[in-house]
Amino acid sequence: MSDRVTHLIHHPYQPPAGFEAPQPGVFKASTVIFANVAAMRARDWKHKHGYTYGLHGTPTTFQLEERIATLEGGGQCLLVPSGLAALAHVNLSLLASGDEVLVPDNAYGPLKALAQAELARWGITHQKYDPMDPQDLAARLGPRTRLVWLEAPGSVTMEFPPLARLAAACRERGITTALDNTWGAGLAFNGFEGGGADIVVQALTKYPSGGGDVLMGSVVTRDEALHLRLRETHMHMGWGVGANDAEAVLRSLPTLELRYRAQDASARELARWFSARGEAAQVLHPALEGSPGHEHWRELCGPQGLAAGLFSVLFRPDLEPRRVDAFCDALRLFRLGYSWGGPVSLAVPYELSSMRSADLGTGRWRGVLVRFSVGLESRADLQDDLAQALRALA
């Protein structure tokens, strides 16, 4: 090679093997180099025996997949670009025209919107069910039902369902269940054993990332055949995650439980404090007695179990939306923003009447609700912030 640029591109130096450090290396690639044609033709993209193309995995993404599978108590894991992509991926892989999917009435809003819009256009019908009533779910299961979504606790309103009984009703009919375990983060309970699910998805955007700066989702299974079906769809869809994003999650995983426990402890104290305030009609937090499904949370997670860093406050019906909005605007440490699980505390107001079905058990909500995500700030400072903002309700 006489040209120095060609020499730079095809430089023969390879660093010595055996380098080891606390954090895995970051490998970025679209193209993967093969030693010869035989190796190229023999390489299998379905299993982690080698590398074929960047979308099918690198050492960095393989490391993260294995660790998330371990965290969730599963055997296999797929990474996708967001938590919503994980939900969409399961639907796209397992449902076809003429099938039906059941979704809890208090599920993550974009999952319901996906069923109402995209899935409906493809000839896939859906029903909403009352997640607090296993009999309601069982009555809705039909010959066309192929997939049932579970979520614990419910989005925004935080009801904790009888997960095992919901999953058992589906298992008796041979229907696949998928659990959104973002709240539990693989720590509060095991989605496969305690929850009874066949598939466990999580928005790694939240607690596993922990920084509020990464979008990523995971799809974890225990059954190899089910995993391979999901993996084939994964290849067809061209899902991929960036190496630097995977690195960020890998770097955050060692502190996951420490952060989760700290945010859980602060959230419980603030939820109890809010419960004693006259402005609240109800404080919704699975670990609080009187919160919907508290007994189910105790049964699954234990009386001293974990419960994340979220709680919601349903304000008195006489406190109209503009006054609750003024309260939110007066917050200084709690910032206004979606998502949760990061270091910054967040608040979001919701008008629940448009988010729940009136004919189901979760449809009888009156008043404005504010969901709080507790970050890593001082608990005392957060309480002071809530107290000063509540004066805006006057």
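None of H47, H10 is more than 36 Å from the chain's Cα centre (by Cα) and either modelled with pLDDT of 90 or more or not assigned by TED's automatic domain parsing to the domain that holds A246 (or both) except H10. Criterion applied to L84, L114, L94, L79 was being within 27 Å of G194 (Cβ to Cβ), at pLDDT 95 or above, surrounded by 22 or more Cβ atoms within 10 Å (Cβ to Cβ) and under 20 Å from the mean Cα position of the chain (by Cα), and the one residue passing it is L79.
Close Cβ contacts (under 9 Å, 6 or more residues apart or on different chains) running from residues in the range 127-142 that are in the same structural domain as L360 (by TED's automatic domain parsing) to residues that are crowded, with 20+ Cβ neighbours inside 10 Å and not hydrophobic (A, V, I, L, M, F, W, C) are absent.
The number of residues in the range 76-107 that are part of a loop (DSSP other than H, G, I, E, B) and touching an Asp or Glu at 6+ places or on another chain (Cβ under 7 Å) comes to 3.
Among the listed residues F27, F34, F62, which satisfies the condition of being touching a Ser or Thr at 6+ places or on another chain (Cβ under 6 Å) and over 29 Å from S354 (Cα atoms)?
Working: F34 fails: touching a Ser or Thr at 6+ places or on another chain (Cβ under 6 Å); F62 fails: touching a Ser or Thr at 6+ places or on another chain (Cβ under 6 Å).
When all the criteria are applied, what remains is F27.
Taking the range 45-93 as the range and being among the aliphatic types (A, V, I, L, M) and over 25 Å from E257 (Cα atoms) as the test, the residues that pass are L55, A88, V90, L92.
Out of the residues in the range 186-198 that are touching a Leu at 6+ places or on another chain (Cβ under 7 Å) and at pLDDT 95 or above, which is nearest to V156 (Cα to Cα)? Walk me through how you get there before you give the answer.
Initially, the range 186-198 is screened for residues touching a Leu at 6+ places or on another chain (Cβ under 7 Å), giving 186-189, 191, 194-198.
If we keep only those that are at pLDDT 95 or above too, we end up with 186-189, 191, 196-198.
On the way: G186: 19, L187: 20, A188: 18, F189: 19, G191: 20, G196: 23, A197: 22, D198: 24 Å.
Top of the filtered list is A188.
Counting the residues of the range 27-65 that are of a type in the set (A, V, I, L, M) and part of a helix (DSSP H, G or I) gives 7. Taking the listed residues G154, G123, the one that is surrounded by fewer than 22 Cβ atoms within 10 Å (Cβ to Cβ) and assigned by TED's automatic domain parsing to the domain that holds H89 is G123, with no other qualifying. Close contacts from the range 294-319, counting a first residue that is within 22 Å of F192 (Cβ to Cβ) and a second that is part of a loop (DSSP other than H, G, I, E, B) and modelled with pLDDT under 95, with Cβ to Cβ under 7 Å and a gap of 6+ residues or different chains, come to L300/G194.
Given the options L300, L284, name the one that is in contact with a Ser or Thr (Cβ under 7 Å, 6 or more places away or on another chain), buried (at least 19 other Cβ atoms within 10 Å of the Cβ) and within 22 Å of P134 (Cβ to Cβ). Walk me through it before giving the result.
Numbers: L300 fails: in contact with a Ser or Thr (Cβ under 7 Å, 6 or more places away or on another chain).
One residue alone meets the criteria, L284.
Sub-8 Å Cβ pairs linking a first residue in the range 192-214 that is in contact (Cβ under 8 Å) with a residue 60 or more places away in the chain to a second residue that is basic (K, R) and surrounded by fewer than 22 Cβ atoms within 10 Å (Cβ to Cβ), at least 6 apart or interchain, are F192/R222; Y207/R259; G210/R259, ordered by first then second residue. Only a single item in (1) hydrophobic (A, V, I, L, M, F, W, C); (2) touching a Leu at 6+ places or on another chain (Cβ under 6 Å); (3) without any contact (Cβ under 8 Å) to a residue 40 or more places away in the chain is not met by A120, and it is number (2). The number of residues in the range 147-170 that are of a type outside the set (F, W, Y) and under 16 Å from A307 (Cβ atoms) comes to 11. Pairs are defined by a Cβ separation below 8 Å, a sequence spacing of at least 6 or placement on different chains, a first member in the range 13-27 that is within 21 Å of G57 (Cβ to Cβ), and a second member that is among the acidic types (D, E); the pairs so defined are Q23/E247; P24/E247; V26/E247. In the range 220-236, is there at least one residue being assigned to a loop (DSSP other than H, G, I, E, B) and within 16 Å of the chain's Cα centre (by Cα)? No, the range 220-236 contains no residue that is assigned to a loop (DSSP other than H, G, I, E, B) and within 16 Å of the chain's Cα centre (by Cα).
List the pairs whose first member sits in the range 235-246 and is assigned by TED's automatic domain parsing to the domain that holds A88, whose second member is assigned to a helix (DSSP H, G or I) and among the aliphatic types (A, V, I, L, M), and whose Cβ atoms are under 8 Å apart, counting only residues at least 6 apart or on separate chains? Here the result reads M235/L55; M237/L92; G238/L55; W239/L55; W239/A85; G240/L55; A246/L64, each pair linking the range 235-246 to a residue that is assigned to a helix (DSSP H, G or I) and among the aliphatic types (A, V, I, L, M). Look at (1) buried (at least 20 other Cβ atoms within 10 Å of the Cβ); (2) touching a residue at least 40 places away in the same chain (Cβ under 8 Å) and you find that G109 fails only one, number (1).
Just to be sure I understand, how many residues within the range 108-126 are in a loop (DSSP other than H, G, I, E, B) and not hydroxyl-bearing (S, T, Y)?
Going through the range 108-126, the residues in a loop (DSSP other than H, G, I, E, B) turn out to be 108, 122-124.
Pick out the ones that are also not hydroxyl-bearing (S, T, Y) and you get 122-124.
The qualifying residues number 3.
The values are calculated or read from the model by the stated rules, or taken from the named source; none is laboratory data. What you see is a predicted model; the values in this text were computed from it and never measured. A quick note on method: Cβ atoms are made from the backbone with ideal geometry, for glycine too, and the neighbour counts reach across all protein chains shown.
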